[in-house]
Amino acid sequence: MNSASSHTRTRHRATFSNTVLILVILFLFLPLFVIITYSFSASKSMEFTTFSLKWYHQLFFDSDELWRAFLNSAVIALSSAAVATVIASGAAIGIMWYRFLGRQYIQILSFLPMVLPEVIIGISMLIFFSAVRLSLGLVTIFIAHTTFNLPFVYLLVTARLDEFDFSTVEAARDLGATEAQSLVKVVIPSILPGMLSGFLMAVTMSLEDFVITFFVSGPGSATLPLYVYSMIRYGVSPVINALSFVLILSIMLIAFTLRRFLKTIAASS
C-alpha cells in the first residue's frame, strides 16, 4: 500500500510539474508566435486576412530609419558588451584572487547596478553627463550600457572562477611561465565559457534596454527600442513584426552555433 500510494503521489507531482511547465512555455512563447503570424498578414490591423510578404519587402527595401536605429543598437550592444566583458573579467580575477584595501566594499558596490531601479541609474547617468558637459549621444549610451552590464558579466565570470583549479596556475609558474603568460594561456581559456556567457547576456540586455537609454540618448542616436517607442503615437507598423521574426531566427542560429562551441570549451577546460 505504501509503495502504491508513493507511486501515485509521484505520478501526481509529475503531472502537476508537466502542466506548470507547459503553461510557462505557452506564457513565454505564445506572444512570439502571435508576432510571427501577424508578420505574414496583409492587413495592418490585428486581424489576419490574407498571406502576404509585403511587410518583409518594406522592412528590407523601405525602412532606412528602422535599420539605422537597429545598427545603432547593434554597434552599442557589441562594443559595450565587449568592454564590459574585459573589465568585469579582470575585476573578477583581481577580487577573487588578490587581497587589497577596500576589496569587500568594491565587491558590494559592484552589484549596485543590478539592484537599483533602471530609472535611478538613468537619472544619475544623465546628471553625471550634464555635470561633465558631455553631449548626449551614442557615446553616452555606450558608457551607460557598459556600466550596467558590468555586474552581470562579473557574476558569471566569478561563478566560473569558483570552479577553477588554481594549482594549474602554480604548475605553469613552476614551468617558467610569467604571470601574464599564465593569465593568457591558463586562466583565460579556463574561464572563457563564463566570459562568453557574460558577453552574450550583456549584448541581450543592451539590445532590449529602453529606460536607461531614454535618459542618456540625444538627437540622432535613437536605438531600436527608442524607435519602436516613437512609433507608438502613430501606431506600430507590422514591419516591426517582420523585424522581430528576423531577429528571432538570427538569435536561434547564433545560439545553436555557439552551443556546440561552448560545450567543447567547457569539456576541454
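Read-outs throughout are calculated quantities, based only on the coordinates presented, and are distinct from any laboratory measurement. Bear in mind that the values here come from a model prediction, so they are computed numbers and not experimental data. Glycine gets a Cβ as well: all are built from the backbone with ideal geometry, and neighbour counts include every protein chain shown.
A few remarks follow.
- Leading residue at positive end of dipole, the chain (Cβ point charges), from Leu156, Ile212, Thr49: Thr49
- Fewest-first sequence of Phe100, Phe148, Phe60, Phe245 by Cβ atoms within 10 Å of each Cβ: Phe100, Phe60, Phe245, Phe148
- Shown here: Rg and Dmax of the Cα atoms in Å, derived from the displayed model; of the candidates (1) 18.9, 60; (2) 23.6, 77; (3) 19.7, 69, it corresponds to (2).
- Modelled FRET efficiency - R0 25 Å, Val236 with Leu26, Cβ distances, 0.05 increments: 0.60
- Most tightly packed first, judged by the mean number of other beta-carbon atoms within 10 Å of their residues, the peptides 171-183, 78-90 read 78-90, 171-183.
- Listed residues Val239, Gly90, Tyr38: farthest to the positive end of the dipole of the chain (Cβ charges): Tyr38
- In a reduced charge model with +1 at each Lys and Arg Cβ and -1 at each Asp and Glu Cβ, the chain shows a dipole moment near 480 debye about its Cα centre.
- What the Cα atoms of segment 58-125 give is an Rg and a Dmax of 18.1, 58 Å.
- Counted by neighbouring Cβ atoms within 10 Å, the residues Val20, Val132, Val153 run from fewest to most as Val132, Val20, Val153.
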